[in-house]
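Just below is one structure, and these are the notes that go with it.
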There are 2 protein chains.
Amino acid sequence: MGNAYNVMAATCPSRTVLHRIGARWTVFIVNALDNRPMRFTELKAHIRGITPKALTETLRAMEYDGLISRTEVPANPPHVEYALTDLGRSLLIPLRAVREWAESHVPDIERARAQADAQR
Amino acid sequence: MGNAYNVMAATCPSRTVLHRIGARWTVFIVNALDNRPMRFTELKAHIRGITPKALTETLRAMEYDGLISRTEVPANPPHVEYALTDLGRSLLIPLRAVREWAESHVPDIERARAQADAQR
DNA sequence: AGATACCGGTATCGAATCTATACCGTCCGA
DNA sequence: TCGGACGGTATAGATTCGATACCGGTATCT
């Protein structure tokens with residue numbers, strides 16, 4: 001395939017894309033929206049410890065990048081729904097793998113840390 | 001499988017692991033060490049735009065977590081080699097996918113951004 | 001009608017983090 | 001002995017982040 005972009009180049013647009021994906025909370029939001037849309041408050045409750053400010057900023061950035069959609073539902077009472085777009089769903093595949101790696105390698109990392117601490 | 005860790009819980013150890021993986025430069029270093037060890041200066045040249053401070057700090061943290069090894073080679077002249085450990089190589093699989101996603105979806109994101117800009 | 005609660009956020013401020021830039025000691029070859 | 005590469009540190013400034021408080025609109029309860 002050999003595409004034209006290379007994240008190692010400082011000025012390559014893919015660098016800014018990777019920077020955005022790697023932002024503190026993006027991986028959480030993408031994983032949270034895995035199998036259904038969610039509301040603002042619902043996301044905030046689901047992703048423990050995220051502040052409303054961080055949530056708002058990350059959602060806005062992801063919407064700007066076309067990863068999620070924001071829909072004001074004119075029901076009674078009205079509310080807002082966030083959902084993954086097709087692009088966001090394609091990102092879910094690698095980011096779910098990252099999440100799973102993190103969850104399944106906790107003991108390995110804790111062991112490495114303990115060993116490093118013992119060494120000193 | 002159903003492991004005991006869940007990144008969505010604020011106090012779960014997997015959260016700190018994910019935070020570490022998501023740190024600004026980890027994904028670059030893991031991808032840079034893909035197929036061979038590298039020296040400090042080599043890494044700095046390869047990952048364009050990284051500062052020596054950021055490189056040092058990220059390498060130290062990754063070594064602490066057991067993702068890379070740091071070896072002082074007593075050759076002439078002596079030098080230092082950084083390499084992925086087995087654990088680091090296992091992380092390479094998801095992080096390479098993230099990198100590839102970034103490199104292959106630049107046009108999609110640029111299109112979304114342009115459309116968002118036009119809308120306002 | 002008034003009080004209360006929930007939703008989807010903003011505003012503000014101090015703390016932590018990241019970047020840019022300059023510098024440093026050691027080793028080596030010329 | 002001079003210069004340069006290597007593997008970093010030190011310092012300062014800009015940026016980002018997190019904690020906390022607040023706010024306007026809409027229901028619902030009494």
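Quick rundown of the values:
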quantity: Residue match in segment B:44-53 (condition: of a type outside the set (Asp, Glu) and away from DNA strand C (no atom under 16 Å from the Cβ)); calculated: no
quantity: Hits in segment B:98-109 - residues which are at the interface with chain A (Cβ under 7 Å from one of its Cβ atoms) and charged (D, E, K, R); calculated: B:ARG99, B:GLU103, B:ASP108
quantity: Sole residue being within 14 Å of chain B (Cβ to nearest Cβ), near DNA strand C (Cβ under 10 Å from one of its atoms) and within 11 Å of the chain's Cα centre (by Cα), chosen from A:LEU95, A:LEU59; calculated: A:LEU59
quantity: Residue list for segment A:21-38, restricted to those being open to solvent by 70 Å² or more (accessible area, probe 1.4 Å) and more than 14 Å from DNA strand D (Cβ to nearest atom); calculated: A:ASN35, A:ARG36
quantity: Odd one out for A:ALA118 among (1) under 26 Å from B:ALA61 (Cα atoms); (2) surrounded by 14 or more Cβ atoms within 10 Å (Cβ to Cβ); (3) free of Cβ contacts under 8 Å to residues at least 40 places away in the same chain; calculated: (2)
quantity: Test: A:ALA112 is surrounded by fewer than 20 Cβ atoms within 10 Å (Cβ to Cβ) and facing chain B (nearest Cβ under 9 Å); calculated: yes
quantity: Flag if A:SER90 is more than 27 Å from B:ILE47 (Cβ to Cβ) and open to solvent by 30 Å² or more (accessible area, probe 1.4 Å); calculated: no
quantity: Unmet criterion (only one of (1) open to solvent by 70 Å² or more (accessible area, probe 1.4 Å); (2) more than 9 Å from every other protein chain (Cβ to nearest Cβ); (3) more than 10 Å from DNA strand D (Cβ to nearest atom); (4) more than 15 Å from A:LEU95 (Cβ to Cβ)) for A:ASN76; calculated: (3)
quantity: Unique residue being in a helix (DSSP H, G or I), among the aliphatic types (A, V, I, L, M) and under 19 Å from A:SER14 (Cβ atoms) when the list is B:ALA61, B:ALA45; calculated: B:ALA45
quantity: Single unsatisfied condition, A:HIS105 versus (1) open to solvent by less than 20 Å² (accessible area, probe 1.4 Å); (2) out of contact with any Gly (no Cβ under 6 Å at 6 or more places or on another chain); (3) more than 16 Å from DNA strand D (Cβ to nearest atom); calculated: (1)
quantity: The listed residue being away from DNA strand C (no atom under 13 Å from the Cβ), away from chain B (no Cβ under 11 Å) and in a helix (DSSP H, G or I), out of A:ARG89, A:ARG36; calculated: A:ARG89
quantity: Failed item, numbered, when A:ILE68 is tested on (1) open to solvent by less than 10 Å² (accessible area, probe 1.4 Å); (2) at the interface with another protein chain (Cβ under 7 Å from one of its Cβ atoms); calculated: (2)
quantity: From the options B:THR51, B:THR41, residue that is within 16 Å of DNA strand D (Cβ to nearest atom), open to solvent by 80 Å² or more (accessible area, probe 1.4 Å) and among the β-branched types (Val, Ile, Thr); calculated: B:THR41
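Let's see how each residue does on (1) more than 7 Å from chain B (Cβ to nearest Cβ); (2) within 24 Å of B:THR16 (Cα to Cα); (3) polar (S, T, N, Q):
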{"residue": "A:CYS12", "(1), (2), (3)": "yes, no, no"}
{"residue": "A:HIS19", "(1), (2), (3)": "yes, yes, no"}
{"residue": "A:VAL27", "(1), (2), (3)": "no, yes, no"}
{"residue": "A:GLU42", "(1), (2), (3)": "yes, yes, no"}
{"residue": "A:ALA45", "(1), (2), (3)": "yes, yes, no"}
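The values are calculated or read from the model by the stated rules, or taken from the named source; none is laboratory data. Small disclaimer: the values here were computed from a predicted structure and weren't measured. Every residue, glycine as well, gets a Cβ built from its backbone with ideal geometry; the counts of neighbours run over all protein chains shown. For the accessible areas, the whole protein counts, side chains as well, though only heavy atoms, and no ligand, DNA or RNA atoms are used. Shrake-Rupley method; radii C 1.70, N 1.55, O 1.52, S 1.80 Å.
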